[in-house]
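Chemist: Supplied in structure tokens, the structure appears directly below.
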Amino acid sequence: MAPPLDSTVEEVVKGLAADGYFVVERFLDADRVAAMKADLGRVLDGTPTGRNDFEGWSTKRIYALFRKTRCFDDLAIDPLVWDVTAKVLGPWFQLSAPTGIQIGPGEPDQILHHDDSIYPLPQPHQEVVLNTMWAFDDFVEENGATRMVPGSHLWEAGRTPTPADTVGMEMPAGSVMFYLGSVWHGGGANRTDRPRLGVILEYIVSWLRAQENHLLAVPRDVAATLPERLQELLGYNIYPPFMGYVDGRHPRRVLES
């Protein structure tokens, strides 16, 4: 299942078309994983557990990710991630719901769902959501590896999966899994005594509203220091010809004032 580190854009896109997901193993080396996990741990120390069954009562979720850590700035605009996203969603896309997810011991399976279901679009429709899941622990069946339903992005409207249809996405720490917003999936049950940490960077087409309002979540003085491409991913962008303007000008001009 897992391709070599030098996976190409074409290989990832082909895997997404066939199965709805694709894993690139060990995208990050061990030192980078350790440093990022330590920084995320700092944030998690002050993060409460979930408020409902979907969030997970024993699961911590880091919202407003780009306000709380700088360790994903380069990954959000990584060339492989960027080019795959452009192939799947088209040239105009932005971040929607970047979220750290630490599944705690005893957490049961999350309900199966597909991420584009929050948008009232008729079925079938073009792909409007693409996710990347970054693993900061080894993902195994026992600790809550994400459960995917292979090929479910090709199903006709109205068909729903059962737990027997799922496959646990086991992958070593440092790996990244790409998966479509139309593929059925859910967090796995953590049957160990240790938490399992992953971070989702979710992308959507720029003509849809992002799940999280990054213009409020990330302070303007922080956004002004970020790379231009990341600024645009956070909402300082235009969907041609002029959707998203501010006082008749490109929204990045706001960051210059």
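The values are calculated or read from the model by the stated rules, or taken from the named source; none is laboratory data. Every value quoted in this text rests on a predicted model; they were computed, and no experiment measured them. Neighbour counts are summed over all protein chains in view; Cβ atoms, including those assigned to glycine, are modelled from backbone coordinates with ideal geometry. Surface accessibility is based on the protein's heavy atoms, side chains included, excluding ligands, DNA and RNA. Shrake-Rupley method; radii C 1.70, N 1.55, O 1.52, S 1.80 Å.
Chemist: Inside segment 25-66, can you point out the residues that are on the phi > 0 side of the Ramachandran plot and touching a strand residue (DSSP E or B) at 6+ places or on another chain (Cβ under 8 Å)?
Modeler: The answer is Gly56, and nothing else.
Chemist: Another question about this same structure. Find all pairs meeting these conditions: Cβ atoms under 7 angstrom apart; at least six residues apart or on different chains; first residue within segment 160-177 and in contact (Cβ under 8 Å) with a residue 12 or more places away in the chain; second residue in a helix (DSSP H, G or I) and open to solvent by 20 Å² or more (accessible area, probe 1.4 Å).
Modeler: Listed by first residue and then by second, the contacts come to Gly174/Ala30.
Chemist: While we're here: Report every pair of residues separated by at least 6 positions or lying on different chains whose Cβ atoms are under 7 Å apart, first residue within segment 219-236 and on the phi > 0 side of the Ramachandran plot, second crowded, with 19+ Cβ neighbours inside 10 Å and part of a helix (DSSP H, G or I).
Modeler: Qualifying pairs under 7 Å: Gly235/His214.
Chemist: Still on this structure: Residue check: is Glu142 surrounded by fewer than 17 Cβ atoms within 10 Å (Cβ to Cβ) and among the acidic types (Asp, Glu)?
Modeler: In short, yes.
Chemist: Could you say which residue among Thr160, Thr132, Thr166, Thr192 is open to solvent by 60 Å² or more (accessible area, probe 1.4 Å) and among the hydroxyl-bearing types (Ser, Thr, Tyr)?
Modeler: Values: Thr132 fails: open to solvent by 60 Å² or more (accessible area, probe 1.4 Å); Thr166 fails: open to solvent by 60 Å² or more (accessible area, probe 1.4 Å); Thr192 fails: open to solvent by 60 Å² or more (accessible area, probe 1.4 Å).
Of Thr160, Thr132, Thr166, Thr192, the one residue that is open to solvent by 60 Å² or more (accessible area, probe 1.4 Å) and among the hydroxyl-bearing types (Ser, Thr, Tyr) is Thr160.
Chemist: Would you tally the residues in segment 1-48 being among the polar types (S, T, N, Q) and at pLDDT 95 or above?
Modeler: The qualifying residues number 1.
Chemist: Another question about this same structure. Ala223 versus (1) under 16 Å from the mean Cα position of the chain (by Cα); (2) open to solvent by less than 10 Å² (accessible area, probe 1.4 Å): which is the lone unmet condition?
Modeler: Evaluating Ala223 over (1) under 16 Å from the mean Cα position of the chain (by Cα); (2) open to solvent by less than 10 Å² (accessible area, probe 1.4 Å) leaves (1) as the failure.
Chemist: Of the residues that make up segment 46-59, is at least one over 26 Å from Asn237 (Cβ atoms), touching a Leu at 6+ places or on another chain (Cβ under 8 Å) and of a type outside the set (Gly, Ala, Ser)?
Modeler: no
Chemist: For segment 233-257, name all the residues that are out of contact with any helix residue (DSSP H, G or I) (no Cβ under 8 Å at 6 or more places or on another chain), of a type in the set (Phe, Trp, Tyr) and within 20 Å of Ser96 (Cβ to Cβ).
Modeler: Correct list: Tyr239 only.
Chemist: Which condition breaks for Gly56 when tested against (1) of a type in the set (Gly, Ala, Ser); (2) within 27 Å of His113 (Cα to Cα); (3) open to solvent by 60 Å² or more (accessible area, probe 1.4 Å)?
Modeler: Only one criterion in (1) of a type in the set (Gly, Ala, Ser); (2) within 27 Å of His113 (Cα to Cα); (3) open to solvent by 60 Å² or more (accessible area, probe 1.4 Å) is unmet by Gly56, namely (3).
Chemist: Could you list all residues from segment 69-128 that are open to solvent by 40 Å² or more (accessible area, probe 1.4 Å), among the β-branched types (Val, Ile, Thr) and within 23 Å of Asn143 (Cβ to Cβ)?
Modeler: Selection gives Ile111 alone.
Chemist: Of all residues being part of a loop (DSSP other than H, G, I, E, B) and small (Gly, Ala, Ser) in segment 103-123, which is nearest to Leu201 (Cα to Cα)? Just the residue, please.
Modeler: Gly104
Chemist: Could you list all residues from segment 179-201 that are touching an Asp or Glu at 6+ places or on another chain (Cβ under 7 Å) and either on the phi > 0 side of the Ramachandran plot or assigned to a strand (DSSP E or B) (or both)?
Modeler: Leu180, Gly186, Asn190, Arg196, Leu197
Chemist: Further question on the same structure: Condition first: closer than 19 Å to Arg209 by Cβ, β-branched (Val, Ile, Thr) and at pLDDT 95 or above. Can you find one or more residues in segment 102-111 that meet it?
Modeler: No, there is no match, as no residue in segment 102-111 is closer than 19 Å to Arg209 by Cβ, β-branched (Val, Ile, Thr) and at pLDDT 95 or above.
Chemist: What do you reckon, is Val199 under 26 Å from Gly106 (Cα atoms) and either surrounded by 22 or more Cβ atoms within 10 Å (Cβ to Cβ) or hydroxyl-bearing (Ser, Thr, Tyr) (or both)?
Modeler: Criteria met by Val199.
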